[in-house]
Amino acid sequence: MIKDKYKNKFRNFKSGFSFLEILIYVSILSIIVVIVSNTFVSLSRGRGQSGARSEVNNAMRFSTELLRQDIKNASVITVPATGSTSSTLTLTRGGVIIVYDVSGGALRRQEGTNTPINLTNSNVLVSAPLFTRIENTNTLFSDTDVSLRINMTFSYNSNNPDWIYSTSLQTAVGLY
């Protein structure tokens, strides 16, 4: 009799899940997967953008600092005529000729007869730099100040549209 009593209870007990319960579980699981995957995609995109920005800015700072040091310590700077631009800069520092130019998207510096050294790597492209001579004449004191304006654009080299970043360098250096 006791055995029959428990037998009937187990017959009324359903085993497994209903179709509605499975649909609810799958829906909740799908929503969680979508949220988690979107979070990972956003984090990856942000990391890529941050890396591109950092690499471009570091290349620009390094190139600018080296260029400014060379200009500051130069004894002779060959710049184009007033108002015209050039894509190369030639200067003499300590009796050694130094040339700055762009080849294949890389900013290069050649010291003397040595092989040119790339100041930027393949991840950073530099558009053709423009070096412009600027003269400011003060007729009252018969004095002319000569400056060199430098314009360059540094861009991250990527086919991924999420990692596109570029910045422009526009500066002027007084020549004495």
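Tell me, which residue of region 118-141 that is touching a Lys or Arg at 6+ places or on another chain (Cβ under 7 Å) and closer than 18 Å to VAL56 by Cα is surrounded by the most Cβ atoms within 10 Å (Cβ to Cβ)?
Here is the first cut: in region 118-141, the residues touching a Lys or Arg at 6+ places or on another chain (Cβ under 7 Å) are 118-119, 132, 134.
With closer than 18 Å to VAL56 by Cα added as a condition, the list becomes 118-119.
On the way: ASN118: 16, LEU119: 20.
Filtering first and then ranking leaves LEU119.
What are the pairs with Cβ atoms under 7 angstrom where one residue, in region 125-139, is part of a strand (DSSP E or B) and the other, located anywhere, is among the aromatic types (Phe, Trp, Tyr)? Sequence gap at least six, or different chains.
Taking only residues 6 or more apart or on different chains, the pairs are VAL126/PHE154.
From SER42, SER18, SER63, SER30, grab the single residue that is closer than 30 Å to GLY95 by Cα and polar (S, T, N, Q). Quick ask: steps written out before the conclusion?
Details: SER42 fails: closer than 30 Å to GLY95 by Cα; SER18 fails: closer than 30 Å to GLY95 by Cα; SER30 fails: closer than 30 Å to GLY95 by Cα.
The match here is SER63.
Could you pull out every one of the strands (runs of 3 or more DSSP E) wholly within region 38-106 that has 2 or more residues that are at pLDDT below 85? So that I can check it myself, show each step before the final result.
On the way: elements: 76-78, 89-93, 96-103.
Here the list reads 76-78.
Does region 96-146 hold any residues that are closer than 23 Å to SER166 by Cβ and acidic (Asp, Glu), and which are they?
ASP101
Would you mention how many residues in region 149-176 are among the hydrophobic types (A, V, I, L, M, F, W, C), assigned to a strand (DSSP E or B) and modelled with pLDDT under 85? Step through it out loud before you land on a result.
Restricting attention to region 149-176, the residues satisfying the condition of being among the hydrophobic types (A, V, I, L, M, F, W, C) are 150, 152, 154, 163-164, 169, 172-173, 175.
With assigned to a strand (DSSP E or B) added as a condition, the list becomes 150, 152, 154, 169, 172-173, 175.
Add one more test, that the residue is modelled with pLDDT under 85, and what stays is 172-173, 175.
Of the residues in region 149-176, 3 are among the hydrophobic types (A, V, I, L, M, F, W, C), assigned to a strand (DSSP E or B) and modelled with pLDDT under 85.
Residue check: is VAL26 assigned to a helix (DSSP H, G or I), more than 14 Å from ASN160 (Cβ to Cβ), of a type in the set (A, V, I, L, M, F, W, C) and touching a Phe, Trp or Tyr at 6+ places or on another chain (Cβ under 6 Å)?
Working: assigned to a helix (DSSP H, G or I): yes; more than 14 Å from ASN160 (Cβ to Cβ): yes; of a type in the set (A, V, I, L, M, F, W, C): yes; touching a Phe, Trp or Tyr at 6+ places or on another chain (Cβ under 6 Å): no.
So VAL26 does not fit the description; no.
The values are calculated or read from the model by the stated rules, or taken from the named source; none is laboratory data. Given the structure is predicted, the values throughout are model-derived calculations rather than measurements. Using ideal geometry, Cβ is built from the backbone for each residue, glycine included, and neighbour counts are taken over all protein chains shown.
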